[in-house]
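Taking it in order: structure first as structure tokens, then the write-up.
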Amino acid sequence: MVKVVFKPTISKSDPRKNPVLIIGQLKHLKLLKFDDIKYKLEPRVSEEVYKTALSGLHSSLSDSVSLYLNYASIASLPSKCSRHNTTARSHAVTRMVQSLASGTDLGLDEYVVIVCEGRDFYASAVAVARAYPSYNKKSNTAKNITVYVEFMIVSEKAGAAEGYLDEPTIQLLSDTCYALKMCQRIVDTPCCYMNIDHFISEAQTVAYSLKTGIEVIRGEELNQRGFGGIYGVGKGASCPPALVILKNTPATATKTIAWVGKGIVYDTGGLSLKGRFDMLGMKRDCGGAAAILGAFYIAVKSEFSENLYAVFCLAENAIGPEAVKPDDIITLYSGKTVEINNTDAEGRLVLADGVAYANKDLKADIIVDVATLTGAQGIATGKYHASILTNDEVWENNVRQAGQACGDLVHPVPFTPELHFAEFNSTMADMKNSVKDRCNAQVSCAGLFILSHLGFEYPGKWIHIDMAYTVASLEKATGFGVTLLPTLFGKYTNQRVLKNISPDMEVEQTNGAKRHKID
């Protein structure tokens, strides 16, 4: 319904025909001269009106002023930005676009102009694209609308300068927007239209467009090959579970990186059935898998130089004659046995198989798993920050920095296996799948369950991202995670923008990895 198009320069338009919203921090807006922005406002808005509106904006909070009826507005972002926020103020940008951009309501193509520093334009572009989720089944849908996004890149030292984005940068923004909206669409689509068959089709479409390899292990083959977690969770559903792997393997690669995503297309809780209100929105439990599908698309389109695998752990946690039962003991791909004491703690079971596969079969040096894993994530780090748990302190900081650069915020939770893993003690098997004490760092415990199937002495780097509460906002998918991973690993791409905002990998090589293990 809404197509987002990024343009390299400011173009001339009439706000009466194409509404315009101008967004920036007040100090950046004041760096602009009217001549810099008049092409978006004339003949409807005069210089006097523009300057009067600008002087009426408040600097401390989000504020906006209408310049011409509902067709032209200027909005200022909050001036304050704490150290755990992104300097782009991404969440404020998205909210402003959703509330102030009027073109979609009027049935007109519109413009969004972002005034920002160079370091913030990528996160700002993502924030605008995020404001227009793509799934809608309303019968009275309006005609297709195009939103044109333009940038004025400013510098407080040098003053305002007209933004110019080169062709590779525009291509990156277009690829990012495509990937983000694909993720949002998958996450927002209900299970009747986005079951495992449909998700595999989405992965096949990406593989075909990128000309990458794809492998599908499904149904009874999962059981035969020892994937007891994915098979056990999904065998109660009419649509059989699957492990799907997308493969990018350049001839010159020296590292192997695996991104593992939780793809529960619907989560009833299984026989440990969720309450009727708790079950609403569980179509979004595939958010981790959808995020790495979008991230893989961006990375490969950006000429990722290392071996990169996207591993999708797909299942529907349903109730049926074959559904796994509490007290069942299953054997996972790691060879470890798990006593089921909560069928609603299913995400960790499928991810344990996924990371074990990444280790045993793919020989990955770096494994990242991404999941809508625990309700406790929202309590621990809130609805704006996903939680991160990792065996490497340097990479913990890398992920945090990448999140601030692209707008997908993350915050670390405690990594202390020696204190927390005892929550899974079992007298019948190697471990249970749910904690004994739900008030003892559930977010950390759930991640440690996954790590235990690599082994706490795993010599590589393992990163776990729990995005249960960041996956959606106002009942719509956010596309969280799609830009986080390409930004984190941006140094391995051929994209200048991603290289510039990616954390410095040389720090890791200089300082060495700082791991915390169980003796």
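A few remarks follow.
- Residue ranges of strands (runs of 3 or more DSSP E) in the range 298-350 with at least 1 members crowded, with 21+ Cβ neighbours inside 10 Å: 307-317, 337-339
- For the range 104-147, a residue qualifies if it is touching an Asp or Glu at 6+ places or on another chain (Cβ under 7 Å) and closer than 17 Å to Q25 by Cβ, and exactly one does: V113.
- H84 meets all of the listed conditions (1) within 19 Å of the chain's Cα centre (by Cα); (2) open to solvent by less than 50 Å² (accessible area, probe 1.4 Å) but one, namely (2).
- Those residues of the range 215-230 which are open to solvent by 20 Å² or more (accessible area, probe 1.4 Å) and either outside any helix (DSSP H, G or I) or closer than 15 Å to V355 by Cα (or both), in sequence order: E215, V216, R218, R225, G226
- The set of residues from the range 351-371 being of a type in the set (V, I, T) and surrounded by 24 or more Cβ atoms within 10 Å (Cβ to Cβ) comprises V355, I367, V368, V370.
- Entry remark, the range 422-440: residues being in contact (Cβ under 8 Å) with a residue 60 or more places away in the chain and open to solvent by less than 40 Å² (accessible area, probe 1.4 Å) number 5 in total.
- Restricting attention to the range 234-279 and to residues that are assigned to a strand (DSSP E or B) and of a type in the set (V, I, T), the residue that is most open to solvent (accessible area, probe 1.4 Å) turns out to be T256.
- Beta carbons closer than 7 Å, at least 6 apart along the sequence or on distinct chains, pair a first residue in the range 377-404 that is over 13 Å from T487 (Cα atoms) and open to solvent by 20 Å² or more (accessible area, probe 1.4 Å) with a second that is modelled with pLDDT under 95 and of a type outside the set (A, V, I, L, M) for E393/K514.
- Leading residue by the ranking (modelled with the lowest pLDDT) among those in the range 28-58 that are among the basic types (K, R) and surrounded by fewer than 15 Cβ atoms within 10 Å (Cβ to Cβ): K33
- Looking only at residues in the range 104-122 that are of a type in the set (D, E) and more than 25 Å from the chain's Cα centre (by Cα), the one that is most open to solvent (accessible area, probe 1.4 Å) is D105.
- Those residues of the range 91-103 which are in a helix (DSSP H, G or I) and under 25 Å from the mean Cα position of the chain (by Cα), in sequence order: H91, A92, V93, T94, R95, M96, V97, Q98, S99, L100
- Output for the range 175-214, where each listed residue is in a helix (DSSP H, G or I), touching a strand residue (DSSP E or B) at 6+ places or on another chain (Cβ under 8 Å) and more than 19 Å from A477 (Cα to Cα): I200, Q204, V206, A207, L210
- Filter result (free of Cβ contacts under 8 Å to residues at least 60 places away in the same chain and closer than 22 Å to K301 by Cβ) within the range 245-268: T249, P250, A251, T252, A253, T254
- Given (1) closer than 22 Å to E117 by Cα; (2) in a helix (DSSP H, G or I); (3) β-branched (V, I, T), number of the condition V154 does not satisfy: (2)
- Hits in the range 104-128 (condition: assigned to a helix (DSSP H, G or I) and under 18 Å from I10 (Cα atoms)): G118, D120, F121, Y122, S124, A125, V128
- Members of the range 199-208 found to be touching a Lys or Arg at 6+ places or on another chain (Cβ under 9 Å) and loosely packed, with under 15 Cβ neighbours inside 10 Å, listed by number: none
- Note on the range 359-374: residues that are touching a helix residue (DSSP H, G or I) at 6+ places or on another chain (Cβ under 8 Å) and over 18 Å from A295 (Cα atoms) total 2.
Here's the yes/no breakdown for (1) closer than 20 Å to I23 by Cα; (2) at pLDDT 95 or above:
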{"residue": "N144", "(1), (2)": "no, no"}
{"residue": "V147", "(1), (2)": "yes, yes"}
{"residue": "S155", "(1), (2)": "yes, no"}
{"residue": "A161", "(1), (2)": "yes, no"}
{"residue": "D166", "(1), (2)": "no, no"}
{"residue": "L173", "(1), (2)": "yes, yes"}
{"residue": "C177", "(1), (2)": "yes, yes"}
{"residue": "M182", "(1), (2)": "no, yes"}
{"residue": "R185", "(1), (2)": "no, yes"}
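- Tally of residues being assigned to a loop (DSSP other than H, G, I, E, B) and touching a helix residue (DSSP H, G or I) at 6+ places or on another chain (Cβ under 7 Å) across the range 25-47: 2
- Taking strands (runs of 3 or more DSSP E) as the structural unit, those lying wholly within the range 360-417 and holding at least 1 residues that are over 18 Å from the mean Cα position of the chain (by Cα) and under 19 Å from V350 (Cα atoms) correspond to 366-371.
- Members of the range 452-495 that are closer than 26 Å to I379 by Cβ and among the acidic types (D, E): D466, E475
The values are calculated or read from the model by the stated rules, or taken from the named source; none is laboratory data. Keep in mind it's a predicted model, so treat the numbers as computed, not measured. No Cβ is skipped: glycine too gets one built from the backbone with ideal geometry, and neighbour counts run over all protein chains shown. Accessible surface areas use protein heavy atoms only, side chains included; no ligands, DNA or RNA. Shrake-Rupley method; radii C 1.70, N 1.55, O 1.52, S 1.80 Å.
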